[in-house]
Amino acid sequence: MKIDENIKHSGIEHKVPISMDDTLSFICKTINENACKSVLEIGTAIGFGSITIAENTTCEFIDSLEIDETRYAEAQKNVAAHKLTNKINLHLIDAMDYLKTTTKTYDFIYLDGPKGQYINYLPYIIKILNKNGILVADNLNFHGMVTGEIPISKGCRAMIKGLKKYISTITTHPKLTTQILPIGDGLGYSIKK
């Protein structure tokens, strides 16, 4: 898998959350194996994920959402440097606003935005995910706090509660077939029926 080590190290150095290599490897493989053409990424950060997906898959386009202006500007620079502006559409927008108003539908959705919002995004995601479309949600273990391997930090209680509710909902949702995979920091892998 082709990755930009400079963007990756910049993210780590500046404490910007970026996707793990094994997570992105799984996503790229899944997109290619299922011939997914349209991709939505919720949580651009500095563009590491969308650039990796664009360079390693046969998808036709990626819409990527970011609310933080500084990260969005950095992502724009990184996408332009990789000459991917024709394949990656960056949107400076609150994900919920986009999900509520978009008329687009997607073959693949990568959910990697604010963890406490996953459960709130879900009804809108299901609506815009094509039949047999794939939803991958990252960080479902949240460093072991969800599974109880480490104690929940005080400021993380509401988020962990939201993640647990998200896991419970996707694993029992009538429109989804879901597996929780031990990849990266825990992935939710759902297929829309």
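Considering the range 113-147, the residues that are within 13 Å of the chain's Cα centre (by Cα) and of a type in the set (S, T, N, Q) include one that is modelled with the highest pLDDT, namely Gln117. Residues that are touching a residue at least 24 places away in the same chain (Cβ under 8 Å), loosely packed, with under 15 Cβ neighbours inside 10 Å and either of a type outside the set (Val, Ile, Thr) or in contact with a strand residue (DSSP E or B) (Cβ under 9 Å, 6 or more places away or on another chain) (or both) within the range 54-76 comprise just one, Glu60.
Just so you know, in the range 1-13 the residues that are in contact (Cβ under 8 Å) with a residue 12 or more places away in the chain and out of contact with any Cys (no Cβ under 8 Å at 6 or more places or on another chain) include one that is surrounded by the fewest Cβ atoms within 10 Å (Cβ to Cβ), and it is Lys2.
Of the residues making up the range 1-47, those that are among the polar types (S, T, N, Q), in a helix (DSSP H, G or I), over 15 Å from Leu111 (Cα atoms) and modelled with pLDDT of 95 or more are Ser25, Asn32.
Yes/no matrix, rows are residues, columns are (1) closer than 18 Å to Glu33 by Cα; (2) surrounded by fewer than 22 Cβ atoms within 10 Å (Cβ to Cβ):
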residue: Tyr110; (1), (2): yes, no
residue: Gly113; (1), (2): no, no
residue: Tyr124; (1), (2): no, yes
residue: Lys127; (1), (2): no, yes
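Restricting Lys104, Lys131 to those that are part of a loop (DSSP other than H, G, I, E, B) and touching a residue at least 60 places away in the same chain (Cβ under 8 Å) reduces the list to Lys104.
Residues that are touching a Ser or Thr at 6+ places or on another chain (Cβ under 7 Å) and assigned to a helix (DSSP H, G or I) do not occur anywhere in the range 143-162.
Only one of the listed residues (Lys192, Lys175) is in contact (Cβ under 8 Å) with a residue 12 or more places away in the chain, loosely packed, with under 15 Cβ neighbours inside 10 Å, under 28 Å from Thr103 (Cα atoms) and not polar (S, T, N, Q). That residue is Lys175.
The values are calculated or read from the model by the stated rules, or taken from the named source; none is laboratory data. Note that the structure is a prediction, hence the values are computed from the model and not measured. Cβ atoms come from the backbone with ideal geometry, glycine included; neighbour counts cover every protein chain shown.
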